[in-house]
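Asker: Starting off with a structure, shown below.
The values are calculated or read from the model by the stated rules, or taken from the named source; none is laboratory data. Everything numeric in this text was worked out from a predicted model, so none of it was measured. We place every Cβ from the backbone using ideal geometry, glycine too, and count neighbours over all the protein chains shown.
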Amino acid sequence: MIEYLVLISCIGFLAFLIPGPHRKYSAIIGWVFIVLSLFAELPFYFSENNFMYPVIAALSVPFLVITAQYLMADDERVMHLSRAAAVAFIIYAPFEYIPVLGDWLIGAVVGQIVWLLNLLHFSVNLADWNIISRNGFRVEIILACTGIQSIAILLGVSAAVPTTFRQKILAFLIVAPTIYFLNLLRNVFVIMAYTQQWFPYYPDIASNGELGYESFFWAHNVIAEFLALICLIVIAYGLFTIIPNLGKFAEDLYQLYYGEIRKAFGKGT
């Protein structure tokens, strides 16, 4: 079901890129179905005791309401934001919907993870083509583990405002290789922490009933997520440096959404 929701969202955003009076409606469809897909994934994230994404899903509701309101008013800020989402989908969709591409990327990431682990003298086995095993613990590498989503999102953000050819090249070099390499390190850390049981703490909040899951929870859902957030902020700052208009765009978006939230709570005009 989730795949279909994301597919409809993708179609909506791609239709947004086609000139015409339909664009704002296409963008609204894109945003509505991406929010629905977030909620559809909640059972999975709750099963993993991952509370960051449920929080994102909750925050997406007021975001959606404000965005749809301003899209109907043809507001340039949310039109540019929708353009960023559309470009992100153009980058991400081939890997999601063309199995040979997605599997190729996953396989490449698995091979590089194993190579890095061997470089650290940390031996592992392949229980399957995309499942890394050690000490009876197994980690499956899926498309979400490749970093392609973060790469697509930030490249989409860099395309939200008009840029020169030089800015496009610099943005790609700042985003794609950096996130890809950092994501490999993230996977290496999670695999080492989980299979060696580095963090067997607080099972009351970190366990899902699976033996040893606590170490995966702290490594993947807490430490890696926190470090990834810091890295994304640093990369975003780099994008704002080479694309000054992007910083102005981000400030305009902040003023838009913050202002609407203040008005909703009766603290603004």
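Asker: Could you list, in sequence order, the residues of the stretch 31-50 that are within 26 Å of A264 (Cβ to Cβ) and in contact (Cβ under 8 Å) with a residue 40 or more places away in the chain?
Answerer: Correct list: W31, I34.
Asker: Here is a further query. Name every residue in the stretch 6-52 that is in contact with a Phe, Trp or Tyr (Cβ under 6 Å, 6 or more places away or on another chain) and either surrounded by fewer than 18 Cβ atoms within 10 Å (Cβ to Cβ) or more than 18 Å from A152 (Cα to Cα) (or both), in order of residue number.
Answerer: As a first pass, look at the stretch 6-52 and keep what is in contact with a Phe, Trp or Tyr (Cβ under 6 Å, 6 or more places away or on another chain): 8-10, 13, 23, 26-27, 30, 45, 49.
Across the stretch 6-52, the qualifying residues are I8, R23, S26, Y45, N49.
Asker: Could you please give the count of residues in the stretch 222-242 that are surrounded by 12 or more Cβ atoms within 10 Å (Cβ to Cβ), over 14 Å from the mean Cα position of the chain (by Cα) and of a type outside the set (A, V, I, L, M)?
Answerer: The number of residues fulfilling the criteria is 3.
For every residue, the table says whether it meets (1) surrounded by fewer than 18 Cβ atoms within 10 Å (Cβ to Cβ); (2) outside any loop (DSSP other than H, G, I, E, B); (3) touching a helix residue (DSSP H, G or I) at 6+ places or on another chain (Cβ under 6 Å).
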{"residue": "V78", "(1), (2), (3)": "no, yes, yes"}
{"residue": "A84", "(1), (2), (3)": "no, yes, yes"}
{"residue": "Y92", "(1), (2), (3)": "no, yes, yes"}
{"residue": "E96", "(1), (2), (3)": "no, yes, no"}
{"residue": "L101", "(1), (2), (3)": "yes, yes, yes"}
{"residue": "G111", "(1), (2), (3)": "yes, yes, no"}
{"residue": "W115", "(1), (2), (3)": "yes, yes, no"}
{"residue": "A127", "(1), (2), (3)": "yes, yes, no"}
{"residue": "R138", "(1), (2), (3)": "yes, yes, no"}
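Asker: Being surrounded by fewer than 18 Cβ atoms within 10 Å (Cβ to Cβ), in contact (Cβ under 8 Å) with a residue 24 or more places away in the chain and outside any loop (DSSP other than H, G, I, E, B) is the filter here, so list the residues in the stretch 202-215 that pass it.
Answerer: Of everything in the stretch 202-215, just one residue is surrounded by fewer than 18 Cβ atoms within 10 Å (Cβ to Cβ), in contact (Cβ under 8 Å) with a residue 24 or more places away in the chain and outside any loop (DSSP other than H, G, I, E, B), namely I205.
Asker: So which of S150, S123 ends up being of a type in the set (S, T, Y), surrounded by fewer than 16 Cβ atoms within 10 Å (Cβ to Cβ) and either more than 19 Å from the chain's Cα centre (by Cα) or not in a loop (DSSP other than H, G, I, E, B) (or both)? Before you say what the answer is, go through the steps one by one.
Answerer: Details: S150 fails: surrounded by fewer than 16 Cβ atoms within 10 Å (Cβ to Cβ).
Exactly one of S150, S123 is of a type in the set (S, T, Y), surrounded by fewer than 16 Cβ atoms within 10 Å (Cβ to Cβ) and either more than 19 Å from the chain's Cα centre (by Cα) or not in a loop (DSSP other than H, G, I, E, B) (or both), namely S123.
Asker: Under 6 Å between Cβ atoms, which residue pairs at least 6 apart in sequence (or on different chains) link something in the stretch 220-234 that is in a helix (DSSP H, G or I) with a partner that is at pLDDT below 90?
Answerer: Hits for this filter: N221/N50; E225/M52.
Asker: Scan the stretch 65-96 residue by residue and report those that are of a type in the set (F, W, Y) and under 17 Å from the mean Cα position of the chain (by Cα).
Answerer: Step one: list which residues in the stretch 65-96 are of a type in the set (F, W, Y), which gives 70, 89, 92, 95.
Once the filter is applied, which keeps residues that are of a type in the set (F, W, Y) and under 17 Å from the mean Cα position of the chain (by Cα), the stretch 65-96 yields F89, Y92, F95.
For (1) assigned to a loop (DSSP other than H, G, I, E, B); (2) under 29 Å from C10 (Cα atoms); (3) touching a Ser or Thr at 6+ places or on another chain (Cβ under 7 Å), each residue gets a yes or a no:
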position	(1), (2), (3)
R166	no, yes, no
P200	yes, no, yes
F217	no, no, no
Y257	no, yes, no
R262	no, no, no
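Asker: A further question on this structure: Give the residues of the stretch 70-100 that are over 16 Å from G20 (Cα atoms) and free of Cβ contacts under 8 Å to residues at least 60 places away in the same chain, sorted by residue number.
Answerer: Taking the stretch 70-100 first, the residues over 16 Å from G20 (Cα atoms) are 70, 77-78, 81, 84-85, 87-100.
Selection gives P94, F95, I98, P99, V100.
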